[in-house]
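**Student:** My structure is below; once you've seen it, I'll send some questions.
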Amino acid sequence: MTHDGYAAAYRQSLDDPDTFWRTAAERIEWITPPTTILDSSNPPLYRWFTGATLNTCFNALDRHVRDGRGEQPALIHDSPVTGTQQTITYAGLLGRVATFAGALASLGVGSGDRVVIYMPMVPEAVVAMLACARLGAIHSVVFGGFAPAELAARIEDAQPKVVVAASCGIEPTRVVEYKPMLDAALDRSSHKPESVIVFQREQARAAVGERDTDWEEMDWDELVSDAEPADCVEVAATDPLYVLYTSGTTGRPKGIVRDNGGHAVALRWSMDNIYGINPGDVWFTASDVGWVVGHSYIVYAPLLSGATTVLYEGKPVGTPDAGAFWRLIAEHKVRAMFTAPTAYRAIKRDDPNGELMREHDLSSLDTVFLAGERLDPDTYEWATSMLGVPVVDNWWQTETGWPIASNLRGLEPMPLKPGSPSVAVPGYAVAILDESGAPLPAGQEGAICLKLPMPPGTLPTLWGDDQRYVDGYLSTFPGYYVSGDGGLVDEDGYLYVMGRTDDILNVAGHRLSTGSIEAALAGHPDVAECAVIGVADELKGQVPRGLVVLKGGIDGTGAEGERICRELVQRVRDEVGAVAALRQVDIVAALPKTRSGKILRKTMRELADGRTPVVPGTIEDASVLDTLAPVLRKSN
Ligand code: COA
Ligand code: AMP
């Protein structure tokens, strides 16, 4: 197979990264253009475009208005849960962002200050993000499905000067009030912000400024009504644009840092080279602004590229039905869409023959992109045959911020292979390593690693903790970043991602930590110890299951046991959030462990998934597994 366009670009990106990324950087407007491209002065930490300056918001909005795109829609908010739609032009969005930036500045927010944003899929979430970028402040968006403990952990670590929240989010079956959750999170957190801004939604207005608090509370509308628009602030390419927390294996989330310069260059490059999207195209990403897919491909990449982005406040099914995506594509003339495979599995379950699809004119649609979890061949085949357009898997993580592996639809489309996100994207030197760190030949499965340095846009470090970054990602195999996924590369250079090699869960494309769910279970007064494992699920890819050992003397059988299990499920909803989707908790006599006390989650996972478990020789008491096997093999 020859892929000249791709092959040449890929080779240059690794052999001569300075030339490759200098050229890509020409498509961003700088205040001080870069002279240094790759800064290797402090390995294993690398920086891009050191010494250059810019403003990300300027590149996402002002520049397009100046260049004549002012009247083009920048953002279409399509919200079946409220029955509303709103189209905001580039000029309109710029006006709102500059005004809200002025409002933030009036509260003392400036370069380097953190602002936590806890909002659902409303335009104001995008406005708040871009307003931070305009001021050089660092936003940290927390997914609305997270409950107080998760929100508190992020506030504690990010230490925001201001928190911006909406009064509520709207799920198909209920209105989720955010303010009580924010209040609970702030009560738990030792860090208190100076101000809390609440965007009021009529579905559930929040009480603002009525409690006696150490911080000032105010309504978004009132604050904005007196604000003077603010200009863009010059920031260093290496200054952080945002911190996005993601789940590790422990309960403590990791603050992924994204810089301004590398991010703008990489995302702009990805939009046409990977996704084939050009200025003026309509692009629809069904995710959430609280996840990395939302940051990169609902907000920044389409706007940096002068495209129109659709912000969808709804679900793939149930708002009102499995035809929701098709209505959106037809109504807004969407050229390409991006979501998680789970969404397509949900549509397939409700409308297996695609009847709702045929009710809509999908002629504008060129391509469907899927990421966030493994794209199983069944879903791939179904979507391809139903839609008749390429269905393109792409593999990446919060840490990288943009695809590591994809079929590059703009640069050079290649044949698609079911089960594979295709090839390494220029800039990423993907290597499959064995346990000793030696590269494995084609076809053999090992740890998927990226040879350092990684390209622009990828994380330079973890927020406030270089050492945790080095220890967690860069120390296992010196010179490489460890992705945490296992997989292989075939003879054609196509990557196959088999799944996480650690205990991170992926539930409906949402990344969750076993540690934080375990912490919620362990906080129950009757629980002595517990473990959470992710088991295979037809719709969500994976769902968590809890196994708990009760304290001595507590009856774990009959009605008493059922009560405890119900309370445990509720605790996880209240602490982590409903999105954890923990429905099954079993009370067991003991958990399998190694002699050094490590719980054998992987062995339990294999048993639960009906596979033959690999039992380590270091197991303390193998009979525990025999007792557990029937429990694990039974599902609710
Ligand atoms: N705020 C508050 N609660 C939320 C929420 C949010 N933003 N998002 C989800 N939840 C709640 C849901 O209401 C649900 O609550 P329930 O247990 O009371 O019903 C729970 O969290 C689980 O939600 P979800 O994962 O959405 O499962 P579901 O069974 O309701 O729907 C799908 C299944 C497939 C339709 C849904 O998971 C989906 O849309 N997946 C796409 C995933 C995606 O876009 N991932 C982003 C990565 S690219
Ligand atoms: P997140 O950081 O939330 O984007 O989650 C990243 C993790 O999701 C990866 O490490 C993978 O385990 C999984 N993932 C994301 N995209 C894919 C994909 N296309 N194929 C397989 N796994 C994926």
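Each reported figure results from applying straightforward, stated rules to the coordinates on display, with no laboratory input. Just so it is clear, the structure is predicted and the values come from calculations on it, not from any experiment. Virtual Cβ from ideal backbone geometry, glycine too; neighbours counted across all protein chains shown.
**Student:** Tell me, Ser513, Ser40, Ser79 in order of fewest to most beta-carbon neighbours within 10 Å?
**Tutor:** Numbers: Ser513 24, Ser40 12, Ser79 19.
The most exposed by this proxy come first: Ser40, Ser79, Ser513.
**Student:** Which pairs break 30 Å Cα to Cα here: Lys192/Lys540; Lys179/Lys333; Lys179/Lys593; Lys315/Lys451; Lys417/Lys634; Lys333/Lys417?
**Tutor:** On the way: Lys192/Lys540 36 Å; Lys179/Lys333 36 Å; Lys179/Lys593 41 Å; Lys315/Lys451 38 Å; Lys417/Lys634 34 Å; Lys333/Lys417 28 Å.
Distance filter (> 30 Å) returns Lys192/Lys540; Lys179/Lys333; Lys179/Lys593; Lys315/Lys451; Lys417/Lys634.
**Student:** Once label points are set 7 Å from the Cα along Cα→Cβ at both Lys602 and Asp434, what is their separation, rounded to one decimal in nm?
**Tutor:** Spacing of the two 7 Å Cα→Cβ label points: 1.6 nm.
**Student:** So for the pair Asp466, Arg595, with labels modelled 7 Å out along Cα→Cβ, what separation do we get in nm?
**Tutor:** A separation of 4.0 nm, rounded to one decimal place.
**Student:** Can you list the HN-Hα couplings for region 206-213, worked out from phi with the Karplus curve (6.51, -1.76, 1.60; θ = phi - 60°), rounded to whole Hz and with x for Gly and Pro?
**Tutor:** 9, 6, 10, x, 8, 8, 8, 10
**Student:** While we're on this one: Going by amide H atoms built from the backbone, whose H comes under 5 Å of the H on Asp239, apart from near neighbours?
**Tutor:** Correct list: Asn260, Gly261.
**Student:** Can you list the aspartates and glutamates whose alpha carbon sits under 12 Å from that of Lys348, skipping same-chain ones fewer than 8 residues off?
**Tutor:** Within the straight-line limit of under 12 Å, Lys348 reaches these aspartates and glutamates: Asp321, Asp378, Glu381, Glu538.
**Student:** A follow-up question, please. Rank Gly294, Trp269, Leu241 by how far each Cα sits towards the positive end of the charge dipole of region 4-314 (+1 on Lys, Arg Cβ; -1 on Asp, Glu Cβ) and give me just the farthest.
**Tutor:** Trp269
**Student:** Hey, how much of the P(r) for region 4-314 falls beyond 35 Å, as a percent of Cα pairs? Walk me through the intermediate numbers first.
**Tutor:** Details: 8568 of 48205 pairs.
Above the 35 Å cut-off, region 4-314 has 18 percent of its Cα pairs.
**Student:** Follow-up question, since we're still on this one. Give me the base-10 log of I(q)/I(0) for region 508-632 at each q in 0.10, 0.12, 0.18 Å⁻¹, Debye formula, one uniform scatterer per Cα, rounded to two decimals.
**Tutor:** Taking Cα atoms of region 508-632 as identical point scatterers yields -0.30, -0.43, -0.99.
**Student:** What list of ³J(HN,Hα) couplings, whole Hz, do you get for region 522-533 from phi and the Karplus terms 6.51, -1.76, 1.60, once you set θ to phi - 60° and write x for glycine and proline?
**Tutor:** Those phi angles translate into 5, x, 6, x, 8, 8, 8, 8, 7, 9, 10, 10 Hz.
**Student:** Using amide H atoms built in the peptide plane, which far-off residues or other-chain residues are under 5 Å from Val176 H to H?
**Tutor:** Gly169, Ile170, Glu171
**Student:** Right, next: If the cut-off is 12 Å between C-alpha atoms, which aspartates and glutamates fall inside it for Lys602, apart from same-chain ones fewer than 8 positions away?
**Tutor:** Asp502, Asp503
**Student:** Moving to a separate point now. Want the number for Arg211 to Val549: 0.36 nm per residue separation, take away the alpha-carbon distance, what's left? Let's see the in-between values first.
**Tutor:** On the way: separation 338, 0.36 × 338 = 121.68 nm, distance 4.04 nm.
Length gained between Arg211 and Val549: 117.6 nm.
**Student:** If you split all Cα-Cα distances of region 527-579 into 5 Å bins from zero, what percentages do you get per bin, shortest first?
**Tutor:** With 5 Å bins starting at 0, P(r) equals 5, 16, 23, 25, 17, 10, 4, 1.
**Student:** Could you tell me the distance between the Cα centroids of region 19-66 and region 102-171, to the nearest Å?
**Tutor:** 25 Å
**Student:** Then there is this: Taking R0 as 45 Å, what's the FRET efficiency between Gln12 and Thr82 from their Cβ-Cβ distance, rounded to 0.05? Write out the running numbers ahead of the final one.
**Tutor:** Numbers: r = 48 Å, r/R0 = 1.06.
Computed FRET efficiency for Gln12 and Thr82: 0.40.
**Student:** Report the Cα centroid-to-centroid distance between region 560-588 and region 201-235 in angstrom, as an integer.
**Tutor:** 36 Å
**Student:** Another question, then. Using 1/(1 + (r/R0)^6) with R0 = 45 angstrom and r between the beta carbons of Glu562 and Asp231, what's the FRET efficiency to the nearest 0.05?
**Tutor:** Details: r = 61 Å, r/R0 = 1.35.
Calculated value: 0.15.
**Student:** Provide Rg over Rh for the chain; use the alpha carbon set for both Rg and the Kirkwood Rh (inverse mean inverse pair distance). Don't skip to the answer; put the middle values down first.
**Tutor:** Details: Rg = 24.0 Å, Rh = 25.3 Å.
On the Cα set of the chain, Rg over Rh gives 0.95.
**Student:** How much mean residue ellipticity at 222 nm does the chain get from its helices, if each DSSP H run of length 4 or more adds -39500 (n - 2.57) and you divide by all residues, to the nearest 500 deg cm²/dmol?
**Tutor:** On the way: 17 runs with 175 residues, N = 636.
Helix-only estimate at 222 nm: -8000 deg cm²/dmol.
**Student:** Report the full-extension gain for the segment Ser635 to Ser475: residue separation times 0.36 nm, less the Cα-Cα distance, to one decimal in nm.
**Tutor:** That pair, Ser635 and Ser475, stretches by 53.8 nm at full extension.
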